[in-house]
Structure formats: structure tokens, C-alpha cells
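Quick note: the coordinates plus some simple rules give every number you see, no bench work behind them. On a predicted model such as this, the values are computed, not experimentally measured, just so you know. Note that we place each Cβ from the backbone using ideal geometry, even for glycine, and neighbour counts take in every protein chain shown.
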Amino acid sequence: MMNYMLALLAALCLAPAKAQDEYGAKGIYPVYETSGQWVIFDKSPKKAKPKQASPLSPGSRFLVVGSKGSQLFTVTRSSAAFGGACRKRRPITLRTAILDGPRRAVGAPIIGIRVRPDFSLKGSRAKFIALKNEVNEDVYGRLGGAIKDATIRDVKSGAFRFRPDDSPGPMFLQDPNPDQIQVKIDFAARLQVRGLAEGFVLVAGSQVSSTFRRCLLLADGDKLVADGVEMQHALMAETGLLRFVAYDPGGQGNPLLLAS
């Protein structure tokens, strides 16, 4: 299954070319399971500098975060394998870094964070939380109106892009009536974020006319506190099939929201 870092900090919900440029940014890589191995594909478009070792070379260490927890893994060797990229609609062979470590403690792999050779989990303040879906009528009552208001703002700004064949859609601008917006909240969970009294993360879709748009949203109580990150359908599995976790490396309220 494909893995995603859903960015409260953003990332793989960007356009494909942009996501490719960000691959491996700040030492964070998606981890895949293929042919019985846990691997990181070396598909960075940037060439390594002379005499500079690849960050995925044997001996490199990664803190792998998955659906159950996080543990240290080591790159044991590299190999050629299919997966992770295509060219002209065909899979291409890429060099892969094969990881070794306590898989059962991690569950389904999501990301690998490159760490120094002397890194240790002893004394770590990191927090790992498996998030449970808390969507109910109360969530709709508290945040449904805020989602509709945000949708109207996005329509006016152009962030909400109508389908080319949705000719009635742009007419919504003439009379942006919230009652004409349908809202579906697929996922909602409490999330401890520094500076928020009652942090809540949401995956919610809004439909105007025949155009549907799904976003990752962050709320504090009954208010949205930031612009949503659009989750393109071409890059996302159905929300109900995903397992969401929060991983806060420093335990200080700056979590990564991840899904597998």
C-alpha cells in the first residue's frame, strides 16, 4: 500500500513534480514494503556531490515510524528493484536501500527519518499516538459551518477549482449560499498541537455543484486555524482504508500526521 505523509507540515499532497523535488527533504523518506523487504527507493533527481556518500548507503540509520510505533533500522545493503517510479507508464528499476530492524514493533511502515550513527532512543521524549476516528454528530455540529465558510472563501480565491465540465459551478460565486454546499467529514481526531487549546485534525470533503474537493484541516475547538491542504484523489487512497498516527519527535506539540 502506498504511504503518505499528510502534511500539517505538508508534503506528499503537493503536485507530483514538487513532491519529487521534496523527496528526502530534511532526511525524511517514505518506506515501502516490497518483495518481503522494507526499502527506501533512491529516486532523488539531484546528483550526489563528488566524494559525498549517499544518505541511503549501507550502514545508514533510520528511525522508522509505522502504524504501531517507531524503532531504529539500519541499511544493510542496496539492490535494484522495480517500484516507486514509472517512465512512459512502465515501472523502472531503481536502486533501493534495504532496511533491517524490529518490524513487529513498528507495524506497517510509513516513513524513515535519517539519524546520526550515534542516535539512541534512550531518554527520547518522542510521542507516538495511534489516532481513532471520532466523527459523530457533535463534530458536524461544531465544525460543519466553519468548513462551509472556508469552502466559500476558497471558491472566491480560486483555490476551489471547479471541474471543466461543471459549467453551473462558477455561478455559485453570484450567490454563495452555504446551504448549497455538501460537507462530508471522513476522519476527525483530537491532536495535541502547541498553541491550540483543543486541537482537532480533520479530513473533510466539500461539494459545490458537481465538483468535490477533499482537504486536510486543523481546528481549535469550533474554529479552523489554517488553510486546508488539498488531498488530490490521484495521490490518496480512500480515507476509510487509512490508519492515521501522530508522531511528535520532540514531544513538544509539533506532531507529524502520518497515514498508512
Quiz prompt | Peptide ranges 243-254, 171-182 listed from the most packed, as the mean C-beta count within 10 angstrom indicates | solution = 243-254, 171-182
Quiz item: What distance in nm separates the simple spin-label points at ASP138 and LYS43, each placed 7 Å from Cα in the Cβ direction?
Solution: 4.2
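For the peptides 109-117, 58-66, 88-96, what is the packing order when you average, over each peptide's residues, the other Cβ atoms within 10 Å and list the highest mean first?
Details: 109-117: 18.8, 58-66: 21.2, 88-96: 12.0.
Descending mean neighbour count gives 58-66, 109-117, 88-96.
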Quiz item: Which aspartates and glutamates does LYS26 reach when only Cα atoms under 20 Å apart count, and residues fewer than 8 places away in its own chain are ignored?
Solution: ASP42, ASP118, ASP248
Self-check item: Qualifying aspartates and glutamates (Cα of each under 15 Å from Cα of LYS223; at least 8 residues distant if same chain)
Solution: ASP138, ASP149, GLU198
Self-check item: Segments 155-168, 218-231 sorted - mean Cβ within 10 Å per residue, highest first
Solution: 218-231, 155-168
